[in-house]
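What follows is a set of notes on a single structure, which appears directly below.
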Amino acid sequence: SQDVYDHTIHHNIPDDAKDIPEEFKEIAMTTTAAPRSKKRAGERNGGKQKKRRLENVPDIPRMNREPPEGFDIYTADPNQQLKAMPNFPRGHKFQLSNEVCCKVARWCKTVGIPFDEFWNWCQMKDGSENRKKKYENYWGRSSYPIATNYLNRNLILCYNKNIFKSKVITQLSGMMKNV
């Protein structure tokens, strides 16, 4: 429409514009990646609905533990971060899931920690040979990097607010008390 007061979807489309033939509309509607309805998506997946994954949701619960003695989250290198990350044995209420362990493996590979050091951390949960083979296989196949701050985010969830106190601040506060 050429009417200047027309602010609909047809605004600024010439009156002599050609429409897409019906057969092409049909092809365009059937080749889109997004399903038209949940029912149709279920038919394609054998009746199963695909579970949507929420992003930016913590992988682990808040544990509210005291940080390790002398650990400084601001200056810790990747090896210190990995050692500070708790990994409880099976059956513990804060046992880490397989998904979290795989993400930690990807993080280790991304920051340059060798598999043996990762396995030393990972075997705290379960050190069976089958599990080691599974993670060696995963280590060899995984090439998808993960954010280098992934473990820091998890460490913040594991420990209480004292994790933000650096050695320098602790030393300064101790000096101020003595003055």
Among (1) of a type outside the set (A, V, I, L, M, F, W, C); (2) farther than 21 Å from Arg141 by Cα; (3) open to solvent by 60 Å² or more (accessible area, probe 1.4 Å), where does Pro86 come up short? (3)
Give the residues of segment 123-141 that are part of a loop (DSSP other than H, G, I, E, B) and touching a residue at least 24 places away in the same chain (Cβ under 8 Å), sorted by residue number. Met124, Lys125, Asp126
State yes or no: is Glu69 acidic (Asp, Glu), surrounded by fewer than 18 Cβ atoms within 10 Å (Cβ to Cβ) and touching a residue at least 24 places away in the same chain (Cβ under 8 Å)? no
Determine the pairs where a residue that is in a helix (DSSP H, G or I), located within segment 147-167, has a partner that is aromatic (Phe, Trp, Tyr) and surrounded by 15 or more Cβ atoms within 10 Å (Cβ to Cβ) with Cβ atoms under 7 Å apart, the partner being 6 or more residues away or on another chain. Tyr150/Trp107; Leu151/Trp107
Taking the criterion of being among the hydrophobic types (A, V, I, L, M, F, W, C) and touching a Pro at 6+ places or on another chain (Cβ under 6 Å), would at least one residue in segment 107-123 satisfy it? yes
Restricting segment 113-122 to residues that are without any contact (Cβ under 8 Å) to a residue 24 or more places away in the chain and surrounded by fewer than 17 Cβ atoms within 10 Å (Cβ to Cβ), which is nearest to Pro78 (Cα to Cα)? Pro114
Of the residues that make up segment 159-179, is at least one of a type in the set (A, V, I, L, M, F, W, C), modelled with pLDDT under 90 and open to solvent by less than 20 Å² (accessible area, probe 1.4 Å)? yes
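The values are calculated or read from the model by the stated rules, or taken from the named source; none is laboratory data. For clarity, every value in this text was computed on a predicted model and none was experimentally measured. Neighbour counts run over all protein chains shown; Cβ positions are idealised from the backbone, glycine included. These accessible areas exclude ligands, DNA and RNA; they are computed on the full protein's heavy atoms, side chains included. Shrake-Rupley method; radii C 1.70, N 1.55, O 1.52, S 1.80 Å.
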